[in-house]
1. With the condition kept exactly as written, say whether any residue in the range 144-156 is part of a helix (DSSP H, G or I) and farther than 24 Å from Ala40 by Cβ.
2. Which of the residues spanning the range 281-316 are assigned to a strand (DSSP E or B) and touching a residue at least 40 places away in the same chain (Cβ under 8 Å)?
3. Specify the residue that is farthest from the ligand (Cβ to nearest atom); the eligible residues are those in the range 37-50 that are charged (D, E, K, R) and in contact with a strand residue (DSSP E or B) (Cβ under 7 Å, 6 or more places away or on another chain).
4. Determine which member of the set Val333, Val323 is buried (at least 22 other Cβ atoms within 10 Å of the Cβ) and out of contact with any Leu (no Cβ under 9 Å at 6 or more places or on another chain).
5. Take the range 104-119 and flag every residue that is surrounded by fewer than 24 Cβ atoms within 10 Å (Cβ to Cβ) and more than 14 Å from the ligand (Cβ to nearest atom).
6. Among residues belonging to the range 78-95 that are within 13 Å of the ligand (Cβ to nearest atom) and touching a residue at least 24 places away in the same chain (Cβ under 8 Å), point out the one that is farthest from the chain's Cα centre (by Cα).
7. Please determine whether any residue of the range 33-41 is in contact (Cβ under 8 Å) with a residue 40 or more places away in the chain and either basic (Lys, Arg) or farther than 25 Å from Leu246 by Cβ (or both).
8. Any residue at all in the range 253-271 that's under 18 Å from Thr156 (Cα atoms), touching a Gly at 6+ places or on another chain (Cβ under 9 Å), in a loop (DSSP other than H, G, I, E, B) and modelled with pLDDT of 95 or more?
Amino acid sequence: MSIRCAIVGATGIAGQQFLSALIQHPFFKVVRLAASSKSAGKNYREAIRQEDGQVSWYVEPDYLNTYADMMVEDAATMPLEGLDLVFSAVESSAARDLETRYAEHLPVISTTSAYRYETDVPIIIPAANGGHAQLIHTQRTARKWRGFVVPGPNCTTTGLAIALAPLHRAFGVDRVIMTSLQAVSGAGRSPGVGSMDIVDNIVPYIPNEEGKVERETQKILGQLAAEAIDPANFPISATCTRVPVLEAHTETVYAALSKPASLAEVREAMTTFGGDINPSTHPSAPKQWITLHDDPFRPQPRVDRDVDGGMTTSVGRLREETVLGIGVKFVLVSHNTKMGAAKGALLVAEDLRLRGFL
Ligand SMILES: NC(=O)c1ccc[n+]([C@@H]2O[C@H](COP(=O)([O-])OP(=O)(O)OC[C@H]3O[C@@H](n4cnc5c(N)ncnc54)[C@H](OP(=O)(O)O)[C@@H]3O)[C@@H](O)[C@H]2O)c1
């Protein structure tokens, strides 16, 4: 029997990626849509119609007709009966109250930052730290919830944590310097990035982003302790910038390693990462969690973002780094609204189902 889900924030970019990813999903079925009071009471097509009349379906392929006639409800009052799960993709300022309301009764899997930094809340990427899900037991007991909240990472954290996870496992990571070149879709539609500010330009600052990336990566690559995650203790220095790319974040990464490793060993660790995730239990998982490129002109966001359904982390320009200490440097591309948001959250749901939480 299908697990019945609501998509909250269904009218936004991440919400639309959920709708697209859940078409004919073997385990999950969308039965309810919700967004702000502005959209509530309209059918889905009208809810995403802009003031100038344009219907803002964002995602390829065009699945609008599948959802066009479904009613959008107010996320604050949406009834929870008949639901087994909530996928939350709401604007961060509204997320805390809404997710609390749902989690009292139902599992909530979220793309938002509302609960990411709570000590009893894991941030999960299945191949990296699926075992952190055990923290859900602590969370439920402490908060007296029947449900729970599990968020995925920030979209810039996602690619970085995936690329570092096999290195940390095999060799230990000592310190990291990362500069991101982030796509405009990462800012969502509301307020989004103004075209006059980003076309022909690079914006060298994204408010609140760098601290999130540093803290979340340490948490994901940390160890599950008694009632919290003991974060990985290597320092990370992040610089996050916005570039005129529609989808996919590019990141240049330098990672100092605790043990010397040849490039062949690093390649082996990266390309075998995630190999234990089974596609029959995780249909949203990439065939290859990390795709390594030898061509020095790859990865590129336009060329590589949709490889493997937008779920692989494409890595290239892998080289030894000696100036800053023994380690490696590389460039990665990760799809921010697929693996970095909705499809990544769906993959978390598949993992929690396998572990018996759904
Ligand atoms: N875009 C990305 O790459 C990305 C990646 C990872 C995580 N995230 C996170 O995912 C969430 C959604 O991001 P997005 O890019 O999809 O943003 P978006 O395109 O701006 O969409 C925001 C959604 O939140 C809804 N919303 C706004 N205020 C609300 C309220 N008070 N009550 C209920 N719903 C409300 C909007 O509904 P209306 O249409 O009715 O206003 C819309 O559905 C954010 O928390 C973001 O940080 C985004």
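1. Quick first cut of the range 144-156, residues part of a helix (DSSP H, G or I) only: 155-156.
Checking the rest, the ones that are also farther than 24 Å from Ala40 by Cβ come to 155-156.
There is at least one residue in the range 144-156 that is part of a helix (DSSP H, G or I) and farther than 24 Å from Ala40 by Cβ.
2. Across the range 281-316, the qualifying residues are Ile290, Thr313, Val315.
3. Pass one, the range 37-50, residues charged (D, E, K, R): 38, 42, 45-46, 49.
With the extra rule that they be in contact with a strand residue (DSSP E or B) (Cβ under 7 Å, 6 or more places away or on another chain), the set shrinks to 42, 45, 49.
Working: Lys42: 9, Arg45: 13, Arg49: 11 Å.
For the range 37-50, the residue satisfying everything is Arg45.
4. Working: Val323 fails: buried (at least 22 other Cβ atoms within 10 Å of the Cβ).
Testing whether each residue is buried (at least 22 other Cβ atoms within 10 Å of the Cβ) and out of contact with any Leu (no Cβ under 9 Å at 6 or more places or on another chain) leaves just Val333.
5. Glu104, His105, Leu106, Glu118, Thr119
6. Our first condition is that a residue be within 13 Å of the ligand (Cβ to nearest atom); within the range 78-95, this holds for 78, 86-95.
Now narrow it down to the ones that are touching a residue at least 24 places away in the same chain (Cβ under 8 Å): 78, 86-91, 94.
Details: Met78: 25, Val86: 16, Phe87: 12, Ser88: 12, Ala89: 11, Val90: 14, Glu91: 15, Ala94: 18 Å.
Step by step, filter the range 78-95, then rank; the result is Met78.
7. Taking the range 33-41 as the starting set, the residues that turn out to be in contact (Cβ under 8 Å) with a residue 40 or more places away in the chain are 33-36.
Applying the additional criterion that residues be either basic (Lys, Arg) or farther than 25 Å from Leu246 by Cβ (or both) yields 34.
The answer is yes; a qualifying residue exists.
8. Taking every residue of the range 253-271 in turn, none turns out to be under 18 Å from Thr156 (Cα atoms), touching a Gly at 6+ places or on another chain (Cβ under 9 Å), in a loop (DSSP other than H, G, I, E, B) and modelled with pLDDT of 95 or more.
The values are calculated or read from the model by the stated rules, or taken from the named source; none is laboratory data. The shown structure was predicted, so the numbers you read here are calculated from the model rather than taken from an experiment. Every residue, glycine as well, gets a Cβ built from its backbone with ideal geometry; the counts of neighbours run over all protein chains shown.
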